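Trainee: Below is a structure I'd like to ask you about.
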Amino acid sequence: MNSKNITTKINDNVILFGTPLLLILFVVLITQSKIFDTHTNTLSIGITLDLLFTIPTIFFLLSKKKNIPKITTASFFVLGIITSSYIIPKEHQSLLNLIKTWVFPFIELGVVIFVYYKVRQTIKRFKINAKNEVDFFSVLRATCLQILPKKIAILLTMELAIFYFGFIYWKKKAIADNEFTYHKNSGTLSLLSALIIIIGIETYALHFLLLKWNTSAAWIASIISIYSSIQIFGFLKSIIKRPFSIEGHKIHLRYGILSETTIDVNDIESVEIISKEIKFDTQTRKLSPLGALESHNIVISLKKENRLIGLYGMNKNYKTLAFFIDDPKNFKTTLEHLIKK
């Protein structure tokens, strides 16, 4: 891409994003004027409609012929809600509250349905061209990153994945020849199951204890605890459904949806079957985020640094990685055979 094309693209983006942002700034300035003080109720309604509908519509029309996901328009709708909540006096937010209650949930649902539709489309396209089974979480993450800002995409990916693995994906996972399980002998499933039971018991006891003090606090604490249990259940199911796999010269080590990394066989320095305690630091890490709660029996050392992707997209570098696998001998033999090729 030459400098002229780069300049043109920058100018297009300035117009595309600058126009709605300037309009938002203009609306904010109106709320600081004497006219707003005189006609607060009328202008509050007009400003609310402009921020939540007019400005997102303008952005949608400007982006219509651009290579930008149209769902980005929803971001301006959300920005409008946030801006309105701050600049419009509380006593004049009746229309805003009405939209928050009856319109915003449909926008959220629409985004989720759109993402799910795009994921299904991508999976179908992948299945046509791929011999191996498509990894749902990888496709979901790639799809969300294409249509949403990075931080929102990562958050939405994790929340949808928890729901998918926890409550939708019940089909028994058939383990292929190039796949390796890591949950059958590690005790991780028992640990997470026990944690869910403990949270359930504590939630029940804490709920009735807090009811004596404050009803709202009791229900808030209970909802948080129930949601935590749902998350743990989703994590637990994902561990069963996402085995390690070797595809070509790539090793995909996926610890459910909690952490993962991809290793090129050519980058491997050594593969050891070892379960003794080792010192972990910025160069030596564990695949499992459970740390000392889970043992390891394989240690892979690399020739150069690689990246470990953790929960909610947090990244860490490593040169040595320790993890548990149900069949370490077969795994090591397979890798050594690939290394020699």
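Values quoted throughout were computed directly from the atomic coordinates according to the rules given, and no laboratory measurement underlies them. Just so it is clear, the structure is predicted and the values come from calculations on it, not from any experiment. Virtual Cβ from ideal backbone geometry, glycine too; neighbours counted across all protein chains shown.
Trainee: Rounded to the nearest 500 deg cm²/dmol, what is the calculated helix-only ellipticity per residue at 222 nm for the chain, with -39500 (n - 2.57) per DSSP H run of length n ≥ 4? Write down the numbers at each step before the final one.
Mentor: On the way: 12 runs with 191 residues, N = 341.
About -18500 deg cm²/dmol.
Trainee: Right, next: When DSSP assigns beta bridges and you keep just the ones with both residues in the chain, what percent turn out antiparallel, to the nearest 5? Let's see the in-between values first.
Mentor: Values: 25 of 28 bridges.
That works out to approximately 90 percent antiparallel.
Trainee: Would you list, by chain and number, the lysines whose Cα falls below 21 Å from the Cα of residue 340, excluding same-chain residues fewer than 8 positions away?
Mentor: 250, 303, 304, 319, 329, 332
Trainee: Moving to a separate point now. For the chain, calculate the relative contact order in percent as a whole number, restricting contacts to Cα pairs under 8 Å that are 6 or more residues apart.
Mentor: Numbers: 392 pairs, mean separation 39.3, N = 341.
12 percent.
Trainee: Given the C-alpha centroids of region 164-230 and region 262-341, what is the distance between them in whole angstrom?
Mentor: 27 Å
Trainee: Full-extension gain between residue 267 and residue 198, please, as 0.36 nm times their residue separation minus the C-alpha to C-alpha distance. Walk me through the intermediate numbers first.
Mentor: Numbers: separation 69, 0.36 × 69 = 24.84 nm, distance 4.25 nm.
Gain on stretching residue 267 to residue 198: 20.6 nm.
Trainee: Are there chymotrypsin sites (Phe, Trp or Tyr not before Pro) in region 152-216 that DSSP puts in a loop and that have at most 12 other Cβ atoms within 10 Å, and which ones? All intermediate terms of the calculation are to be shown ahead of the outcome.
Mentor: Numbers: sites: 163, 164, 165, 167, 169, 170, 180, 182, 204, 208, 213; in loops: 169, 170, 182, 213.
Taking region 152-216 and a limit of 12 other Cβ atoms within 10 Å, the loop chymotrypsin sites (Phe, Trp or Tyr not before Pro) found are 170, 213.
Trainee: Can I ask one more? Going Cα to Cα from residue 171, which lysines come in below 25 Å? Please leave out same-chain ones fewer than 8 positions away.
Mentor: Within the straight-line limit of under 25 Å, residue 171 reaches these lysines: 118, 124, 127, 131, 184, 237, 241.
Trainee: Among the aspartates and glutamates, which fall within straight-line cross-link reach of residue 279, defined as a Cα-Cα distance under 16 Å, with same-chain neighbours fewer than 8 residues apart omitted?
Mentor: Cα-Cα hits under 16 Å: 294.
Trainee: Going by average Cβ neighbours within 10 Å, how do the peptides 254-263, 28-37 rank, with the highest at the top?
Mentor: Details: 254-263: 21.4, 28-37: 12.3.
Top to bottom by mean Cβ count within 10 Å: 254-263, 28-37.
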